[in-house]
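Taking it in order: structure first as structure tokens, then the write-up.
The values are calculated or read from the model by the stated rules, or taken from the named source; none is laboratory data. Quantities reported herein were computed from a predicted structural model and do not represent experimental measurements. Quick reminder, even Gly has a Cβ in these numbers, built from the backbone with ideal geometry, and neighbours come from all protein chains shown. The accessibility values were calculated without ligands, DNA or RNA, using every heavy atom of the protein model including side chains. Shrake-Rupley method; radii C 1.70, N 1.55, O 1.52, S 1.80 Å.
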Amino acid sequence: MNKVLLVEDDVQIQELVQFSLEKEGFVVLIASDGEQGLDLAKREKPDLIILDLTLPIIDGYDVCKILRAQKETAGIPIIILSARTDVADKVIGLELGADDYLTKPFSPRELSARIKARLREGQRKNELSNGPLRWGSLEIVQESYIATIAAKPLNLTVKEFELLVLFVANPYQVFSREYLIQKVWGYLSSTDSRTLDVHISHLRNKLKALGPVLDSVRGVGYLFARRE
């Protein structure tokens, strides 16, 4: 049973979120201010945190920053739930380390769907981190950012490495340029398609020993597959 921590000072929203998530089978912990939220997060180690930005004692931005800086809470997914709708607020929250941003008023069903998506993503990351990723003679050790082909290092940049991990973990799946930019460079990134294409070109060149495995899908994006 997944444990969710809600850091929110509005009692009505507390009750709404708790009621809707408990119906879905979640255990819901509630903190009414930033200080209590940090304490519960560190002590209870929830599977996910829902965080308001306008909080007493310590505001949501600082809470997010502290959660990401502490070893015990650094990997917990965070969904910001806020009445602030400006793009600047979203950018700040996501740059501080939040995984998602949902504005009030909100649909409990949408919140639940986003929670489940984040938990699935976290589970996939845990499964992938249990051992190296392999594709033929290619081996990727994610924890140390090392990729080799036939034991020879590929000397990838960080972004090339992150693109390669995404492709190898999801072979035969077509990724749009927009999705790749979002996943590798971050939400609301100003990175353009040209930058992505340059990284893909460099990555292709470094993967030549594997054959033509990284294909362009016209008008869509890119696909990692073994060409027959």
- request: Hey, could you check segment 184-228 for residues that are at pLDDT below 85, part of a helix (DSSP H, G or I) and in contact with a helix residue (DSSP H, G or I) (Cβ under 6 Å, 6 or more places away or on another chain) and say which is surrounded by the fewest Cβ atoms within 10 Å (Cβ to Cβ)?
  value: SER193
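Every residue, every condition in (1) modelled with pLDDT of 95 or more; (2) outside any helix (DSSP H, G or I), yes or no:
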| position | (1), (2) |
| --- | --- |
| VAL63 | yes, no |
| ARG68 | no, no |
| ILE76 | no, yes |
| ALA88 | no, no |
| GLY97 | no, yes |
| PHE106 | no, yes |
| ARG109 | no, no |
| ARG118 | no, no |
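Return the residue satisfying two criteria in turn: it lies in segment 146-155 and is in a loop (DSSP other than H, G, I, E, B) and open to solvent by 40 Å² or more (accessible area, probe 1.4 Å), and of such residues it is farthest from TYR222 (Cα to Cα).
Taking segment 146-155 as the starting set, the residues that turn out to be in a loop (DSSP other than H, G, I, E, B) are 150-151, 154-155.
Going one step further and asking which of them are open to solvent by 40 Å² or more (accessible area, probe 1.4 Å), we end up with 150-151, 155.
On the way: ALA150: 24, ALA151: 26, ASN155: 22 Å.
Of everything passing the filter in segment 146-155, ALA151 is farthest from TYR222 (Cα to Cα).
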- request: Tell me which of these GLY25 doesn't satisfy, since it passes every other one: (1) in contact (Cβ under 8 Å) with a residue 24 or more places away in the chain; (2) over 22 Å from SER107 (Cβ atoms).
  value: (2)
- prompt: (1) closer than 25 Å to GLN123 by Cβ; (2) at pLDDT 95 or above: which one isn't true of LEU55, the others all being true?
  reply: (1)
statement: Restricting attention to segment 67-100, the residues that are free of Cβ contacts under 8 Å to residues at least 60 places away in the same chain and more than 16 Å from LEU6 (Cα to Cα) number exactly 16
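So is LEU40 more than 24 Å from LEU166 (Cα to Cα) and outside any helix (DSSP H, G or I) or not? Let's see the steps before the verdict.
Working: more than 24 Å from LEU166 (Cα to Cα): yes; outside any helix (DSSP H, G or I): no.
No, not satisfied.
Quick grid of which residues meet (1) in contact with a His (Cβ under 8 Å, 6 or more places away or on another chain); (2) open to solvent by less than 70 Å² (accessible area, probe 1.4 Å); (3) within 24 Å of TRP185 (Cβ to Cβ):
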residue: MET1; (1), (2), (3): no, no, no
residue: GLN18; (1), (2), (3): no, yes, no
residue: SER32; (1), (2), (3): no, yes, no
residue: ASP39; (1), (2), (3): no, no, no
residue: LYS45; (1), (2), (3): no, no, no
residue: CYS64; (1), (2), (3): no, yes, yes
residue: LYS71; (1), (2), (3): no, no, no
residue: LYS104; (1), (2), (3): no, yes, no
